[in-house]
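*Asks:* This is the structure, below, for whatever I ask next.
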Amino acid sequence: MGTPSRGGQPSMSTQTQATPTPVSHGPGRKRSVAELKALVEQANIALADATAEQIATWADETFGKSLVVACSMAGDTVLPHLVSQHAPGVDVLFLNTGYHFAETIGTRDALIDSINANIFDVTPVQTVAEQDAEYGEKLYERNPTLCCQLRKVEPINRELAGYEAWVTGIRREDNANRAHAGVVEWDETHQMVKVNPLAAWSFDDVLEYASIHQVPINLLLTAGYPSIGCEPCTQPVAEGEDPRSGRWAGIAKTECGLHL
Ligand code: SF4
């Protein structure tokens, strides 16, 4: 018989234990916000004409273990490949929402086998089944903002809190919101440094790098999906259309909230 607990609740030994909230893989932050912002200012001068490789080297030398690369295993697998060339063993986070295409999971597995990086999944607190039980099935159809909040925004906020800087695959040609992205920016939302080494790259630049270095790429990229997210919210795009028009098609949503 279990020990009585406060408030008449059953003791932990007689009830199902809640899933513990995961913690960040990062080492924590040592620099202050002011120090990090100063680094952004310096970098924007020093890296004004830098190549993606030079930007990756700067990021490694500046942040070391407090640097993490975000990879969606969609059109950005060249990013962890490129960064790991200059920062071997770098942490790489993959936001595993539980709704990915099989091709996306396969790309993650192939990348783990082909680069020198610490690739790990970042997962929501709830499984898809647990979310369905609490909010009902297909929350993405009824409230995609909440679904993205639960399955993307909260998990990545939690993960990024353990690092001083993150590297993203943002490219200026992705959409109008990203047209003015800098190579090193202050991320107001996450209160950290955001590094975008591929900001000036075109889609063809990405494919060329992947071909030269034999980087695993998501097979959907060449099957009409220039922008790939969760399977329920991603549709193929016709030739010449906005590459991200297949994301949340038919509703007024263009970003999941990670880069806002
Ligand atoms: S992209 Fe769609 S399925 Fe994925 S978290 Fe957002 S609303 Fe949910």
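Every number here is computed from the coordinates shown, using simple stated rules; none is lab data. Only a predicted model underlies this, so the values are computations on that prediction, with no experimental measurement involved. Cβ placement follows ideal geometry from the backbone for every residue including glycine, while neighbour counts extend to all protein chains displayed.
*Asks:* What ranking of R142, R158 emerges when the number of other C-beta atoms within 10 Å of each C-beta is taken as an exposure proxy, fewest first?
*Replies:* So the residues, fewest neighbours to most, are R142, R158.
*Asks:* Follow-up. Hey, how many Å between the Cα centroid of region 21-61 and the Cα centroid of region 87-157?
*Replies:* Taking the Cα centre of each part, region 21-61 and region 87-157 sit 24 Å apart.
*Asks:* Which whole DSSP H helices in the chain pass both tests: a Cα extent of 18 Å or more along the axis and a mean Kyte-Doolittle value no lower than 0.5?
*Replies:* On the way: long enough: 33-46 (20 Å, 0.70).
Within the chain the helices that satisfy the rule are 33-46.
*Asks:* Rounded to whole Hz and in sequence order, give me ³J(HN,Hα) for region 148-161 from the Karplus expression 6.51 cos²θ - 1.76 cosθ + 1.60, θ = phi - 60°, writing x for Gly and Pro.
*Replies:* Going residue by residue, I get 5, 4, 6, 9, 10, 5, 4, x, 6, 4, 4, 5, 5, 4 Hz, with x marking Gly and Pro.
*Asks:* Roughly how big is region 28-233's charge dipole about its Cα centre, with Cβ charges of +1 (Lys, Arg) and -1 (Asp, Glu), in debye to the nearest 20?
*Replies:* On the way: 15 positive and 29 negative charges, 83 e Å.
With only Lys, Arg, Asp and Glu charged at Cβ, the dipole is about 400 debye.
*Asks:* Using 7 Å Cα-to-Cβ label points, what is the F203/E134 separation (nm, one decimal)?
*Replies:* In this crude label model, F203 to E134 measures out at 3.7 nm.
*Asks:* Arrange L160, L198 by Cβ neighbour counts within 10 Å, fewest through most, would you? If you can, show how the numbers build up before the last one.
*Replies:* Numbers: L160 24, L198 27.
Starting with the residue having the fewest Cβ neighbours, the order is L160, L198.
*Asks:* As a test, work out the antiparallel percent of DSSP beta bridges whose residues both lie in the chain, rounded to the nearest 5. If you can, show how the numbers build up before the last one.
*Replies:* Values: 5 of 20 bridges.
DSSP beta bridges in the chain are roughly 25 percent antiparallel.
*Asks:* Let me have the 222 nm mean residue ellipticity of the chain computed from DSSP H runs of 4+ only, each contributing -39500 (n - 2.57), with the sum over all residues rounded to the nearest 500. Write down the numbers at each step before the final one.
*Replies:* Values: 9 runs with 81 residues, N = 260.
Helix-only estimate at 222 nm: -9000 deg cm²/dmol.
*Asks:* Ok, one more. Would you check region 28-233 for Lys pairs whose C-alpha atoms are within less than 24 Å, ignoring same-chain pairs closer than 8 in sequence, and give me the count?
*Replies:* Numbers: K30/K65; K30/K194; K37/K65; K37/K194; K65/K152; K65/K194; K138/K152; K152/K194.
Step by step, the pairs that qualify in region 28-233 add up to 8.
*Asks:* Which far-off residues, 5 or more places away or on another chain, put their amide H under 5 Å from the one on D91, with H placed in the peptide plane?
*Replies:* V69, N118
*Asks:* Oh, and also: Once you list every other residue whose beta carbon is under 10 Å from the beta carbon of V69, what net charge do they have if Lys and Arg are +1 and Asp and Glu are -1?
*Replies:* Working: positive: none; negative: D76, D91.
Within the 10 Å Cβ shell, the charges total -2.
*Asks:* Right, another one. Return V193, V237 ranked ascending by Cβ neighbour count within 10 Å, so the fewest neighbours appear first. Please list the in-between numbers first.
*Replies:* Values: V193 25, V237 18.
Going from least to most buried by this count: V237, V193.
*Asks:* Additional query: For a test of the definition: using alpha carbon positions, the gyration tensor, and the 1.5 limit on a/c, classify region 137-194 as rounded, prolate or oblate.
*Replies:* Oblate, because a/c is 1.5 or more while a/b does not exceed b/c.
*Asks:* Next up: To check my understanding: the extent here is largest minus smallest coordinate of the Cα atoms along each principal axis. What are those three numbers for the chain, in Å, largest first?
*Replies:* Here the Cα extents, ordered largest to smallest, are 68, 45, 35 Å.
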